[in-house]
1. By DSSP, what percent of the beta bridges with both residues in the protein assembly as shown are antiparallel, rounded to the nearest 5?
2. What does the C-alpha gyration tensor say about the overall shape of the protein assembly as shown? Classify as rounded when a/c is under 1.5, otherwise prolate if a/b is larger than b/c, or oblate.
3. In nm, give the distance between the simple-model label positions of B:Arg273 and A:Glu373, each being 7 Å from the Cα along the Cα-to-Cβ direction.
4. Can you tell me the orientation of helix B:442-455 relative to chain B, as the angle in degrees between its alpha-carbon axis and the longest Cα principal axis, to the nearest 10?
5. If r is the Cβ-Cβ distance from A:Glu20 to A:Ala299 and R0 is 45 Å, what FRET efficiency results, to the nearest 0.05?
6. What list of ³J(HN,Hα) couplings, whole Hz, do you get for the range A:424-438 from phi and the Karplus terms 6.51, -1.76, 1.60, once you set θ to phi - 60° and write x for glycine and proline?
7. Suppose every Lys and Arg Cβ carries +1 and every Asp and Glu Cβ carries -1, with no other charges. What dipole size does chain B come out with about its Cα centre, to the nearest 20 debye?
8. Read phi for every residue in the range B:9-21 and hand back ³J(HN,Hα) as whole Hz from Karplus 6.51 cos²θ - 1.76 cosθ + 1.60, θ = phi - 60°, with x for Gly and Pro.
2 protein chains.
Amino acid sequence: MARLTGQMLIGSEHVTGTGEAITAVDPRTGERLAPEYRYGGDAEVDRACALAEEAFDAYRATGPRERAALLESVAGRLDDQAGELVQRAASETGLPAARLTGEVARTSGQLRLFASDLRAAPSGATARYGANPPEGAGLAGGTAVSVDPAGEGVPEIRQGRVPLGPVAVFGASNFPLAFSVAGGDTAAALAAGCPVIVKAHDAHPGTCELAGRAVAEAVREAGLPGGVFSMLYGDGPTLGIALVTDPRVQAVGFTGSRKAGLAIAGAAAARPRPIPVYTEMSSVNPVFLLPDALAERPAGLAEEYVGSVTLGAGQFCTNPGLVFAVGGPGLDAFLDAAASAIEADPGAPMLTPGIARAYAEGVERLERRPGVEILARGRAPEAAAGCRAALAAVDAGDFGPDLQEEVFGACSLVVRCGDLDEAIGLARGLEGQLTATIHGGGEAAERLLPVLERLAGRILWGGWPTGVRVGHAMVHGGPYPATSDARTTSVGSLAVERFQRPIAYQGVPR
Amino acid sequence: MARLTGQMLIGSEHVTGTGEAITAVDPRTGERLAPEYRYGGDAEVDRACALAEEAFDAYRATGPRERAALLESVAGRLDDQAGELVQRAASETGLPAARLTGEVARTSGQLRLFASDLRAAPSGATARYGANPPEGAGLAGGTAVSVDPAGEGVPEIRQGRVPLGPVAVFGASNFPLAFSVAGGDTAAALAAGCPVIVKAHDAHPGTCELAGRAVAEAVREAGLPGGVFSMLYGDGPTLGIALVTDPRVQAVGFTGSRKAGLAIAGAAAARPRPIPVYTEMSSVNPVFLLPDALAERPAGLAEEYVGSVTLGAGQFCTNPGLVFAVGGPGLDAFLDAAASAIEADPGAPMLTPGIARAYAEGVERLERRPGVEILARGRAPEAAAGCRAALAAVDAGDFGPDLQEEVFGACSLVVRCGDLDEAIGLARGLEGQLTATIHGGGEAAERLLPVLERLAGRILWGGWPTGVRVGHAMVHGGPYPATSDARTTSVGSLAVERFQRPIAYQGVPR
């Protein structure tokens, strides 16, 4: 195993911070994991931003094929050290090795998806990069999207997309690879032509170091300036905000808590020159169980539901935290089967002691909430920072806005609705969500669909929201406050547009 | 001529305001034009927003072809009453009838461009609306963009775009038709599936009334709910801000001054639930004259330059207000010829007395600015609110950030640069712009191009920035503070995306 050094990566240099020291903690055992990671501060932010700005001109001048090669090189390095990544990530996050092995493949696959788009091979690519990427054709990094031909006294106009500039990326605790250092935002930004500065996540600093080195090595081997990629360790409220407010940073990608996401979005909005900020914050992913579905297979739905709720200790942004079940035959059988399945859940370690504490407090809040009934609890896990599953229920009449607050973990609330109108009424009052799911069909589903189209970034007809496929059509985003900007996605190839803007070239030679 | 009533249009109702009364003024004569328009207030905003929200579900459920027919119907009505529109607009704005006749055609053409995209006929449309718009296919207004096919245990995912909701539109003084009631933002929002609430412009209320009635009649004839379109008269700081902060409004389009644009963007950012805001504010549209171009045809360039500066009394967002001329043979000849052309300019009425005052003050500010030399003034026009053209020059060493402030009108400043490096250094320090133009070629142009790609939304190679072609490839937008959001355009078919967001349909039946 490569020796971890505890160092930041600033451009091509390995730098030891001089601030507070943190260590990762194995949530299964509570054990502290070497090495120490010392925080950077303003000087490191300034240096990383200066190098990113310096590198931007050279990097955006690369053609789509060079960027594709860079992404493929990062992907290959991640795959090559999958074993080490999985081992370190498992000890830092408590996530099972099988899940993390899949996540490495997802992360390298994601990089390769953007690479294949850049190589303009398949259908989905052409719309975003133009059928004939004008590589080296006088457009410094711009790629043609659509063309208005020249006419009588009117020059040709080509529409391209140009990269915005250095991008700050903040990873999530719950995907130490796919939403972290070499995750979706980094892949999209590099594909777009933007240098990247990552703030490494405190909960998996060693995994960050391994992935960060893979990116930095790929940058070096491609002969690109080191400033194309930096990774800093630091305190969110100070180093994180310094990064977001640095005038050289032109966009921000973040996945995490609502509190941190709002702080980042707020700091960015207060800049003298505002920039695009994409914070993915929280979602309870409402699921609507219609009478026909409940009547047809209550036990099957319950089993799938609890499987989705407890997957990865419920630590997914798309965890189904809220279910609107429309009363009728099958509802009681559904609840009974779900309660039994929750009770049988063995529990699992959570990502960090802090997340486990917040989860326990969230379930306690539900327990104390008038009208809410705890239907079942899972078994108490042995892990130091464990998640004990919880299933709660409430009558529609007792539902209120407080109950749409996310309890991050394997906890879900079923809202018993008297009829479809009651469910639709509550759905109209919900906050923006990443996903919304319908089980059932017929006229009821058709009435519900347009309501959910206003609510969420992804609509599922059957199935469960956990499991976000990486592809051209995926939208992992949604109305505020699920994200700060619903016009985009953090998963899938459309994400490249987060870090570009359209530009028109009028009469510019090809 | 249709009798003007001075009434607002709220849904399908004609409503007389109860607030302050305004009248249009003919800037050529200072004459007040009947009728009076009385401002609305909070009650009218509330009513228009409630009707728009009510109409949204029915309107977004329309298929692309129904929306196309609506836009075509509006376009036909504008063309049919072109004579009246031109006559009223000419008296309200002082713009020449020929220009306004062209603007009616531009406005109806713009509506038809979105309509043709909706009908998915030509190439540019398919990327945005999908090759097979799934009209009536279970997606309530969503239109497929890309598809990830179903696989082993994985459902099909289709990416569509859904409309955001009611849109508030604020038109500009300088395009009483193309950037006003039935202008680009309204066309894009209606194409996207969003109801529209327009705040009519105080400087051309009668033109607004005529155009507003055309839209309202088209909505009525299509059998759509009246709330699809409303138009209010009102005070910007009160009614305008009430509209922007109404929770039912989901996006804002604005073209106008930086002061008003920043007020709107600020009010929207302070909403509990922020929304996309597209304010186009100001731009001086830098032009770079390289030594080869200046040496080759100094007089020709000067003639074109002054033509662009004085067109429409310089009242274009794309007016070339700043020229960086790289010294060498030809620069003096260029300046001499430009000065002569400015001196020969007869002047023209400006849009309003206030705009004429601000213009005169802007030129006076330049006159007093140390280092700036007024090279030539045009003739004083006879109009009550006239624009007397002005050409100024400054040495690069005396240039400062204050000199990039827009003087709205026929005024332009030439910056004499010693060499290309000096021009590039100044270009790097400029604020975001709508356009940037290069005259010249060779290595110098190639060095300049990437700098301008960071600066502006449209790059011209030769030509002059006034005259914005409506098409699929146009980008009329640019980095802050030219606009509040560079990821979009206010002219051309890409503008439809301002008012939509992507959505993924997972396993949803076709």
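Coordinate-derived values only; no laboratory data. None of the values given here were measured: they were computed from a predicted structure. Backbone-built Cβ (ideal geometry, glycine too); neighbour counts: all protein chains shown.
1. Numbers: 56 of 138 bridges.
Percent antiparallel among DSSP bridges in the protein assembly as shown is about 40.
2. On the way: a/c = 2.19, a/b = 1.38, b/c = 1.59.
Taking the square roots of the gyration eigenvalues as a ≥ b ≥ c, the protein assembly as shown is oblate.
3. Computed distance between label sites B:Arg273 and A:Glu373 equals 3.2 nm.
4. 50 degrees
5. 0.30
6. Per residue, the Karplus-derived 3J(HN,Hα) values read 5, x, 5, 4, 5, x, 6, 6, x, 9, 5, 9, 8, 10, 10 Hz.
7. Working: 43 positive and 58 negative charges, 217 e Å.
It works out to roughly 1040 debye.
8. Once rounded to whole Hz, the list reads 10, 10, x, 8, 9, 8, 10, 8, x, 10, x, 3, 9.
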